[in-house]
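Any read-out appearing in this document is the output of simple, stated calculations on the displayed coordinates, not a laboratory observation. Keep in mind that this is a model prediction, so the values were computed, not measured. Note: ideal-geometry Cβ built from the backbone for every residue, glycine included; neighbour counts use all protein chains shown.
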Amino acid sequence: MADQEKRAITVKKSEDMSEWYTQVLINSEFVDYSAVSGCVVFRPQAYFAWNVVKEATDEMFSKAGIKNAYFPLLIPEKFLQKEKEHIEGFSPEVAWVTETGNSKLSERLAIRPTSETIMYDSFAKWIRSWRDLPLRLNQWNNVIRWEFKHPTPLLRSREFLWNEGHTAFATENEANAEREQILGIYKKITEEYLALPGIMGKKTEYEKFAGGQASYSIEHILPNGYSIQGPDFHNDGQNFAKVFDIKFIDKNNKTEYVYQNTFAITTREIGAMVMMHGDDRGLVIPPKVSMVQVVVVPIYKGQNREEVLDYAKQICDKLAGSVRVHLDDRDDYSAGWKFNEWELKGIPIRIEVGSREAAARNAVIVTRHDLKKQTFDYEKISDSVVAELSRVQQELYEKALNALNERIKKVSSYDELKSAISSGNVAQSQWCGDTKCELKIKEETGAKATNMPFDAQKDVFGKCVYCGKESKHVVNFAKSY
């Protein structure tokens, strides 16, 4: 019991979300701190969730015709220096390798903050003719970005895992057409697997990817009203192609530069999932990404141990083909201690069986997200559990979607914008498109332009909320991680 008390959550999510988040991650054994500042250890449950995201995304990429490859971790400095805007965007975050053993390197090697430069050196060698296009590659890897802001596990880690999609096309129209396909894949992953709704839109010029032509993102709104960027997509135009000399002979025998895109989803999504769904008892993990979907906890005293354990094993065997099930048959912990532990770990369903359930051939099912208790017959247990897991997945998404919609406040004046931000909401406002207004709002309220939602651009009218000039866009302002 002492161990459980040590790992209990001691703060409420609504009172100190930052401390609550850290306690949940560590006490649930989801992640752990490492000896390297800003870098965390993905414990099995966290890595499992990421693997589900990775495998589901990868399957959709494959169906879309995107192939996996792998490029080196180390990038020569001369490659990074080729694209000035790109390296300026990453320069403060780049970690360098400068020596091996006792020898200084003749050229510094960057530990990849992103792979454009190392990949496009190869693209320039591989692409010669229109027949070599489109080239659509992806790699799953880790990157280092030495954040100088306060690192937050998963949300802002100095090392994180992600996909890097890098594609090249013969025409601008082909490149632009890929955006909807990729963002559609990411939307399916975030909504259907992680139960995370998001706001899809275009980034402002100031917030776009360094070296890119235009950037697009899915922004999540967390329970404290803060925004965090989810998956993104970048139209790079011919910027990198001209720097790295990626050109081809077209069908008219003319030499042209390719048009390129880049896109990514990261382990930040796992942190957003924890922060979105967790509660004062600990983690709440959507069933699709939970390493254990159902835990069976037998409740017995010495004299009926074998009878109850045997029935619990029968239930596990019945469920094994359809769900990820675990039998907690540890004798050295009480049933109550086990209930608390599995709630802390966020396992979607707990099944309780004692001598009464064994005699009646039924079981008590408790769903983690709402702590609802129901009794189901043994013969229907498999179908019942599958249906309950589906309900849990859907209700987590619906709850998060409702919370997101409640946080978005449409404002028509600067006073309303400031009030919305100070109240922990997202301010959706008219904007003239001038970066000066965008940065003044950020300076005065602490809220940045997250993106310009696609579905809100039909409502452009009137005046900029800050300067009063004619509005050109609808933009969301929010405090962010």
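Values computed for the structure shown
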{"quantity": "Burial ranking of peptide ranges 150-158, 397-405 (average Cβ count within 10 Å, highest at the top)", "calculated": "150-158, 397-405"}
{"quantity": "Net lengthening on full extension, Ala95/Val36 (0.36 nm per residue, minus Cα-Cα)", "calculated": "19.9 nm"}
{"quantity": "Extension gain from Glu443 to Asn252, taking 0.36 nm per residue of separation minus the Cα-Cα distance", "calculated": "63.6 nm"}
{"quantity": "CD proxy at 222 nm, helix term only [per DSSP H run n ≥ 4: -39500 (n - 2.57); per residue of the chain; nearest 500]", "calculated": "-11500 deg cm²/dmol"}
{"quantity": "Dimensionless Rg ratio for segment 408-478, taking C-alpha atoms and the 2.2 N^0.38 Å reference", "calculated": "0.94"}
{"quantity": "Average Cα contact separation per residue, segment 167-304, under 8 Å, 6 or more apart, as relative contact order %", "calculated": "24"}
{"quantity": "Simple spin-label estimate for Gln181 and Asp415 in nanometres, 7 Å along Cα-Cβ", "calculated": "5.1"}
{"quantity": "Rough spin-label spacing in nm, given labels placed 7 Å along Cα→Cβ, for Lys149 and Asp16", "calculated": "2.2"}
{"quantity": "Inter-site label distance for Asn102 and Gln314 at 7 Å from Cα along Cβ, in nm", "calculated": "7.3"}
{"quantity": "Calculated FRET value between Asp132 and Gln303, using beta carbons and R₀ = 60 Å, to 0.05", "calculated": "0.20"}
{"quantity": "Per-peptide average of other Cβ atoms within 10 Å, ordering 93-106, 359-372 highest first", "calculated": "359-372, 93-106"}
{"quantity": "Principal-axis tilt of helix 17-27 within the chain, Cα atoms, nearest 10 degrees", "calculated": "60"}
{"quantity": "Cα-centred dipole magnitude for segment 48-172, charges only on beta-carbon of K, R (+1) and D, E (-1), debye, nearest 20", "calculated": "160"}
{"quantity": "Along each principal axis, Cα extent of segment 275-348, largest first, Å", "calculated": "43, 28, 12"}
